[in-house]
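S.K.: Got a structure for you, written out below as structure tokens; questions coming shortly.
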Amino acid sequence: MADLNVLYESIVNGKLESAVAITKEAIAEGISPQVIINDYMIKGMEEMGQRFQEGRAYVPNLLMSARAMKGSLDLLKPLLKGDTSNSMGKVIIGTVKGDLHDIGKNLVASMLEGCGFEVINLGVDVSSEKFVEAIIEHDANILCMSALLTTTMVNMKEVIDAVEKAGLKDKVRIMIGGAPVNDKFSQQIGADGFSDNANSAVQLAKELMASN
Amino acid sequence: MRGKELLKQAFALQETARVPWVPFVGVHAGSLMGVSSKEYLKSADLIVEGVSKAIELYNPDGIPIVFDLQLEAECLDCQLVWADENPPAVNSHPLMEGIALEDLKIPLASEGRIAVTMEATRQLREKYPDLALYGLITGPFTLGLHLLGTEIFMKMFIDEEYVHQLMEFCTKVCNAMTDYYKEAGCDVVAVVDPMTSQIGPEQFEQFVTKYCTDVFAHIKEQSLYSSFFVCGQAQHNIEVMCGCKPDNISIDENIPLELVKDICLKNETSFGGNLLLTMALLLGTPEDCERNALDCMDIGGTKGFILAPGCDIAYATPKENLLAVTNLITDTYRQDVIRALDAKVSNAELIDKASYGSSPKVLVDIITLDSGSCAPCQYMVEAAQRACEPFGDRVVWNERSVKTPEGIEFMMGIGARNIPTLCIDGEIKFISTIPPVSEIKNTIEERLNLK
């Protein structure tokens, strides 16, 4: 019988192969995907989030856990077709126009994906128009923007203005991140939230989904 | 004592007569000449001109030649994208695009912008023999990340051997860069490795310690001083960074300076930082910058501390902000004034500016640090005294020393910002410069006529 506690441990320790193996066993035994995801996988990611906050885990550990989580989720997704209860939400993410830094943004994308969000990563140097088009095309719930430069952080406001102009401001929640931005700046430009690391970005995304 | 000699004392953890100042001027020097970052970083002549301009303005003890963490990466086939007001950014990671690690060659001193940087170093060395010139090299972990991208974080778990091979190669690049800077005339090699902030201390010890220790030992063998720059939240790694045996560790505002001081001094390592790059230097006022600098100086002290911004100064940073820091470093009066103004005045009630001076007598107030110890204050008080004498008891003068709570209360109530300041009936009339006695007399007379 599949030992789902080992799945939990595999997520926490970032062991992709063992996470995938247990997930396959569990599926074969007919265990409900919801139980596998909610009671073991998400709990594993939450434990990692907690360790990150407390300085007991770092970015490489988070990425490995997210990778193991994604490996298992890929097996479970086909079984969830038509059941949206396990979809955490759809996220559009990108670095704003003029800015080519992608490390932090990709960490956030990996973590969100690992935690069950559907992530559409638009890359770097993304224009306001592209962000708006992607929100419409994918019917997104959350928009995440990143900027590393003091000269490009101002472009976040332009994107928010474009979202507003397209009549999407009430539909999509906006999160920002990156070295020069902070909570005050987030409020100034009319974003819904700010996060300074990949773990709290996931928490924020969950909160924003809950308040939608 | 100043310049290189002062910095040597700080590196050696000896008491310094004042805090040494190393503004990390990078592309900001381009803005001082009105040229873009791209033009600036590609021309040895512009770099020499820009750094010279910064030296002239900011009177530093040491200064970087170039602050660009993409210099080596560019020579190793990482594609760069250039911006007008920022250093370039790496846009491709060759090891993720089919290039094998064995095929990468250590860049030569004659290659690309490394040659430009070394040429600028030689010229600046000749021009400024007494200043400490900092040669910046990309730290091995950050260079590894440029070459491999974020995949390096996963490879730390799934292919440790590969990460070690990559770090070994990057260490060779660092050592070669050290040799080039030594030959060109640098005094200090700063190993800038910001991406280490993303890994934990155990991961640092597993994948970074050995290599950075090698880099710092090589710098020492060349009879140069070394600094380990890290930006971002790297608090958890300060101890292991000290373990790599650099002469100095420099950090940004993400880490409390007190903490870095404690750890570094315990490990017999000098330390530096951590002026606020954005909130003070770029977006603040000169007064904000002075306060921020003084906070750093008061925490850092004069043993093993180097005042510096947290990282590369932003292109558009107003020069007035950096000038305010520059002036503060040698102006002990100004330091005392700011400390006094920041001291909490318990239950102080500010004077009522509207009714102050409504009595039949004219009130002359001289706001000073202390006329006994501050020469400009003394001359201002003497000038005021002499100007008041002919008016007898129709004029009352008072010295308001900001060393007393009442003096601070008065200064804040009046809204004065400089020392010394002379006020007549609560209005600021003369600031800093001592006016001729006749001018003060005339002003008092005008005021008396209005009574």
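S.K.: Can you give me the Cα centroid spacing of the range B:1-71 and the range B:164-181 in angstrom?
M.R.: 24 Å
S.K.: Per the Cauchy relation, a quarter of the hull surface: what is the mean projected area of the convex hull of the alpha carbons in the protein assembly as shown, in nm²?
M.R.: Values: hull surface 139.3 nm².
For the protein assembly as shown, the mean projected area of the Cα convex hull comes to 34.8 nm².
S.K.: Run lengths n ≥ 4 of DSSP H only: what is the helix-derived mean residue ellipticity at 222 nm for chain B, with -39500 (n - 2.57) per run over all residues, to the nearest 500?
M.R.: Details: 19 runs with 209 residues, N = 451.
For chain B, the value works out to -14000 deg cm²/dmol.
S.K.: Another one. How large is the accessible surface of A:Met145 in square angstrom, using a 1.4 angstrom probe and rounding to the nearest 10?
M.R.: Accessible surface of A:Met145 is approximately 10 Å².
S.K.: Here's something else I'd like to know. Largest first, how would B:Trp21, B:Trp397, B:Trp82 line up by accessible area (1.4 Å probe)?
M.R.: Details: B:Trp21 5, B:Trp397 90, B:Trp82 55 Å².
Reading off the accessible areas and sorting them downward yields B:Trp397, B:Trp82, B:Trp21.
S.K.: If you count, for every residue in B:85-91, the Cβ atoms of partner chains within 10 Å of its Cβ, what is the mean? Could you put the intermediate results ahead of the total?
M.R.: Values: counts 5, 9, 1, 1, 9, 4, 5.
Average per residue, whole number: 5.
S.K.: Moving on. Where a Cα-Cα gap under 19 Å defines reach, which aspartates and glutamates qualify for B:Lys319, not counting those fewer than 8 residues away within the same chain?
M.R.: Partners found: B:Glu49, B:Glu56, B:Asp61, B:Asp84, B:Glu85, B:Glu287, B:Asp288, B:Glu290, B:Asp331.
S.K.: Sort chain B into rounded, prolate or oblate with this rule: let a ≥ b ≥ c be the square roots of the eigenvalues of the Cα gyration tensor; rounded if a/c is under 1.5, and if a/c is not under 1.5, prolate when a/b is larger than b/c, oblate otherwise.
M.R.: Judged from the Cα gyration tensor, chain B comes out prolate (a/c at least 1.5, a/b above b/c).
S.K.: Ordering A:Lys157, B:Lys303 by accessible area with a probe of 1.4 Å, largest first, what comes out? Write down the numbers at each step before the final one.
M.R.: Details: A:Lys157 80, B:Lys303 100 Å².
Largest to smallest exposure gives the sequence B:Lys303, A:Lys157.
S.K.: Given the pairs B:Lys53/B:Lys220; B:Lys4/B:Lys127; B:Lys155/B:Lys210; A:Lys15/B:Lys155, which span a C-alpha to C-alpha distance of over 21 angstrom in this model? Walk me through the numbers before you get to the answer.
M.R.: Details: B:Lys53/B:Lys220 30 Å; B:Lys4/B:Lys127 14 Å; B:Lys155/B:Lys210 18 Å; A:Lys15/B:Lys155 13 Å.
Listed pairs above 21 Å: B:Lys53/B:Lys220.
S.K.: Ignoring everything but the protein chains, give the 1.4 Å probe accessible area of B:Arg291 in square angstrom, nearest 10.
M.R.: My reading of the accessible area for B:Arg291 is about 80 Å².
S.K.: For the range B:108-152 and the range A:34-50, compute the distance between their C-alpha centroids and round to whole Å.
M.R.: 46 Å
S.K.: Please work out the average accessible area per residue across the range B:4-340, using the 1.4 Å probe convention, and give it in Å².
M.R.: Details: 11740 Å² over 337 residues.
Solvent-accessible surface per residue comes out at 35 Å².
S.K.: With N residues in chain A, what two-decimal value do you get for its Cα radius of gyration over 2.2 N^0.38 Å? Don't jump to the answer; show the numbers that get you there.
M.R.: Values: Rg = 17.5 Å, N = 212, 2.2 N^0.38 = 16.8 Å.
Its radius of gyration relative to the 2.2 N^0.38 Å reference: 1.04.
S.K.: Also, quick follow-up: Could you report the buried accessible area between A and B, both sides summed, computed with a 1.4 Å probe and given in Å² to the nearest 100?
M.R.: Numbers: alone 10180 and 18800 Å², together 27240 Å².
Approximately 1700 Å², summed over both chains.
S.K.: Another one. Taking every DSSP beta bridge that has both residues in the protein assembly as shown, what percent is antiparallel when rounded to the nearest 5? Spell out each step's value before the answer.
M.R.: Working: 11 of 60 bridges.
Antiparallel bridges make up about 20 percent of those DSSP assigns within the protein assembly as shown.
S.K.: Solvent-accessible area of B:Asp130, probe 1.4 Å, all protein chains present, reported in Å² to the nearest ten, please.
M.R.: Here the accessible area works out near 110 Å².
S.K.: In the range A:150-185, which residues give up 40 Å² or more of accessible area once the other protein chains are added, compared with their chain alone (1.4 Å probe)?
M.R.: SASA drop of 40 Å² or more in the range A:150-185: A:Thr150, A:Thr151.
S.K.: Continuing with this model, one more query. Can I get the semi-axes of the range B:353-450's equivalent ellipsoid? Compute them from the C-alpha gyration tensor as square roots of 5 times the eigenvalues, in angstrom, largest first.
M.R.: On the way: eigenvalues 76, 51, 24 Å².
After diagonalising the Cα gyration tensor, the semi-axes are 19, 16, 11 Å.
S.K.: Quick one: of the DSSP bridges fully inside chain B, what percent are antiparallel, nearest 5?
M.R.: Details: 11 of 43 bridges.
Antiparallel: roughly 25 percent of the beta bridges in chain B.
The values are calculated or read from the model by the stated rules, or taken from the named source; none is laboratory data. Everything numeric in this text was worked out from a predicted model, so none of it was measured. Quick reminder, even Gly has a Cβ in these numbers, built from the backbone with ideal geometry, and neighbours come from all protein chains shown. Just so you know, the surface numbers come from the protein's heavy atoms only, side chains and all, with ligands and any DNA or RNA stripped out. Shrake-Rupley method; radii C 1.70, N 1.55, O 1.52, S 1.80 Å.
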